[in-house]
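Visitor: Okay, handing you the structure first.
Derivation of every value follows stated rules applied to the coordinates shown; laboratory data play no part. As the structure is a computational prediction, the values presented were derived from the model and not from experiment. When we count neighbours, we look across all protein chains shown, and the Cβ atoms used for this are built from the backbone with ideal geometry, even at glycine.
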Amino acid sequence: NITLHYALRLPGGLWGQSATLKAVNGVSFHLNRGEVLALVGESGCGKSTTARLALGQLAPNSGEVRFEGVPVPVDRGPEWRRLRARMQMIYQDPLGALDRRLPILNQIAEPFDIHRKDMPKAERLERAAALMRSVGLRADQATNFPHELSGGQRQRVVIARALALDPSLLVCDEPVSALDVSIQAQVLNLLDDLRQKTGFAALFISHDLKVVRQMADRVAVMYLGKIVEEGLPEEVFHNPLHPYTQALVSAAPSPRGTTRRERIVLSGDPPNPVNIPTGCAFHPRCPVAVANCRKEVPQLVRDAGRAAACHLVHTAGGSALRPAPNLA
Ligand code: SF4
Ligand code: MG
């Protein structure tokens, strides 16, 4: 039940005006050992902030993150460092995540330098070389600097470094969206292989439903800092419950062999976390909104592994969920 709001200073700040960016508004989810949970949604929906909260890189206003049964501290003390060795992150921009002045082998060995000071230097480098091989980099690339590699190779370096300490959670924030489409599949396949070999769980953040379909065991859809739908990928993509998910899915290219849905075009302003609509935050853009939607906040109702937050999805009186009627 995590909430994170930031105070913003507006240009009119001369008069002490301020505004609040409501990045995350009561998000709850769990991630099982070895599972891949995809967080999907438009940019600005709070996916990346949720990821940083999960890792204890940001402190929530309220709510709690637990990892392997332990509350994740945000003080960057010894307990945080211990947990952070077990939870690693892969970013969208591998160049920004790497040190431009250091050969890649040394960067892959860095987690050992920080967390395994007991390990002899030669062994650290040997292990880093093994990690390089495991992500498909060549031994002769060990002395290369990041700028000498392609984008896909750089992301392989980041992945190798993230896996050095054998983490049980990998948070992947748009890990392939900065890469050429032809390279994306290679990096996704690599992540998939490594997961099968080492068994890490992943919080996989993406706006690209194609990528999510390939990677996710479970999907959570976010809109304006809330989870609005959750379920297995085949359920969420083939039988979306929430009107927002219905629109997202209708706008994505359908895989071969499925019938093309009519595209649902959303009108209204793009979501703005500084100015969240009343009631259901999606109501100004929702094609099937009813009068109550601007007043009452729909709760996320869970039933049989699925969840949705929409007044039209709950059946009256019961917990069963049915898709909102869509206009397509
Ligand atoms: Fe649309 Fe209302 Fe459902 Fe929100 S609660 S998604 S506005 S129908
Ligand atoms: Mg982001």
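Visitor: Considering only DSSP beta bridges with both partners in the chain, what is the antiparallel share in %, to the nearest 5? Intermediate values should be presented prior to the final figure.
Guide: On the way: 22 of 40 bridges.
The antiparallel proportion sits near 55 percent.
Visitor: Counting helices only, and only those DSSP H runs with n ≥ 4, report the 222 nm mean residue ellipticity of the chain as the sum of -39,500 (n - 2.57) divided by its residues, in deg cm²/dmol to the nearest 500.
Guide: For the chain, the value works out to -9000 deg cm²/dmol.
Visitor: Using modelled backbone amide H atoms (1.01 Å from N, in-plane), which distant-in-sequence or interchain residues come within less than 5 Å of Asn25's amide H?
Guide: The list, which skips near neighbours in sequence, is Leu4, Lys226.
Visitor: Let me ask something else. Could you sort 118-126, 41-49, 187-195 so that the peptide with the highest average Cβ count within 10 Å comes first and the rest follow in order?
Guide: The packing order, highest mean first, is 41-49, 187-195, 118-126.
Visitor: Please report Rg over Rh for segment 69-170, where both radii come from the alpha carbon positions and Rh follows the Kirkwood definition.
Guide: Values: Rg = 13.8 Å, Rh = 14.1 Å.
In segment 69-170, Rg relative to Rh is 0.98.
Visitor: Given Gln57, Tyr6, Gly46, which one lies farthest toward the positive end of the charge dipole of the chain, if we put +1 on the Cβ of every Lys and Arg and -1 on the Cβ of every Asp and Glu?
Guide: Result: Tyr6, furthest along the dipole toward the positive end.
Visitor: Give the whole-number value, in cubic angstrom per residue, of the convex hull volume spanned by the C-alpha atoms of segment 30-216.
Guide: 123
Visitor: Same structure, new question: What are the ³J(HN,Hα) values, in whole Hz, obtained from phi via the Karplus relation 6.51 cos²θ - 1.76 cosθ + 1.60 with θ = phi - 60°, for each residue of segment 209-220 in sequence order, with x given for Gly and Pro?
Guide: 5, 4, 5, 4, 3, 6, 9, 8, 8, 8, 10, 10
Visitor: Got a sec to turn the phi values of segment 291-296 into Karplus ³J(HN,Hα) couplings, 6.51 cos²θ - 1.76 cosθ + 1.60 with θ = phi - 60°, whole Hz, x for Gly and Pro?
Guide: For segment 291-296, the Karplus-derived couplings read 4, 4, 5, 7, 10, 9 Hz, x marking Gly and Pro.
Visitor: Note down the magnitude of the dipole of segment 61-218 about its Cα centre, charges +1 on Lys and Arg C-beta and -1 on Asp and Glu C-beta and zero elsewhere, to the nearest 20 debye.
Guide: Rounded to the nearest 20 debye, it is 260 debye.
Visitor: Residue by residue, what Karplus-based ³J(HN,Hα) values in Hz, rounded to whole numbers, does segment 79-94 have, using 6.51, -1.76 and 1.60 with θ = phi - 60° and x for Gly and Pro?
Guide: 5, 4, 5, 4, 5, 5, 5, 8, 10, 10, 10, 10, 9, 5, 10, x
Visitor: What is the distance in Å between the Cα centres of segment 65-92 and segment 96-140?
Guide: After rounding, the separation between the Cα centres reads 21 Å.
Visitor: If R0 is 35 Å, what FRET efficiency do you get for Tyr6 and Asn189 from their C-beta distance, rounded to 0.05?
Guide: Between Tyr6 and Asn189 the formula returns 0.40.
Visitor: Which number do you get for Rg(Cα) / (2.2 N^0.38 Å) in segment 9-100? Write down the numbers at each step before the final one.
Guide: Numbers: Rg = 16.1 Å, N = 92, 2.2 N^0.38 = 12.3 Å.
The value comes to 1.31.
Visitor: Roughly how big is the chain's charge dipole about its Cα centre, with Cβ charges of +1 (Lys, Arg) and -1 (Asp, Glu), in debye to the nearest 20?
Guide: 140
Visitor: Take the Cα coordinates of segment 110-242, assign each an equal point scatterer, and use the Debye formula without solvent to give log10 I(q)/I(0) at q = 0.11, 0.13 Å⁻¹.
Guide: Log10 I(q)/I(0), no solvent term: -0.48, -0.64.
Visitor: For segment 228-309, what Kirkwood radius comes out of the mean inverse Cα-Cα distance, in Å? Please list the in-between numbers first.
Guide: Numbers: mean 1/r = 0.0720 Å⁻¹.
Computed over Cα pairs of segment 228-309, the Kirkwood hydrodynamic radius comes out at 13.9 Å.
Visitor: Still on this structure, I have one more. Rounded to the nearest 0.05, what FRET efficiency do Arg66 and Arg322 give with R0 = 41 Å and r taken as the Cβ-Cβ distance? Could you check?
Guide: Values: r = 32 Å, r/R0 = 0.79.
Efficiency, from the Cβ-Cβ distance: 0.80.
Visitor: A follow-up question, please. Compute the convex hull volume of the Cα atoms of segment 165-232, divide it by the residue count, and report the result per residue in Å³ as a whole number.
Guide: 103
Visitor: Taking a threshold of 21 Å on the Cα-Cα distance, which of the pairs Lys22/Lys295; Lys47/Lys226; Lys47/Lys197; Lys226/Lys295; Lys47/Lys210; Lys117/Lys197 fall above it?
Guide: On the way: Lys22/Lys295 18 Å; Lys47/Lys226 9 Å; Lys47/Lys197 27 Å; Lys226/Lys295 17 Å; Lys47/Lys210 17 Å; Lys117/Lys197 26 Å.
Correct reply: Lys47/Lys197; Lys117/Lys197.
Visitor: Now for a different question. Could you compute Rg(Cα) / (2.2 N^0.38 Å) for the chain, with N its residue count?
Guide: Normalised Rg, Cα atoms only: 1.08.
Visitor: Over segment 262-309, how many percent of alpha carbon pairs lie in each 10 Å bin up to the one with the longest distance?
Guide: Values per bin, smallest distances first: 24, 45, 30, 2.
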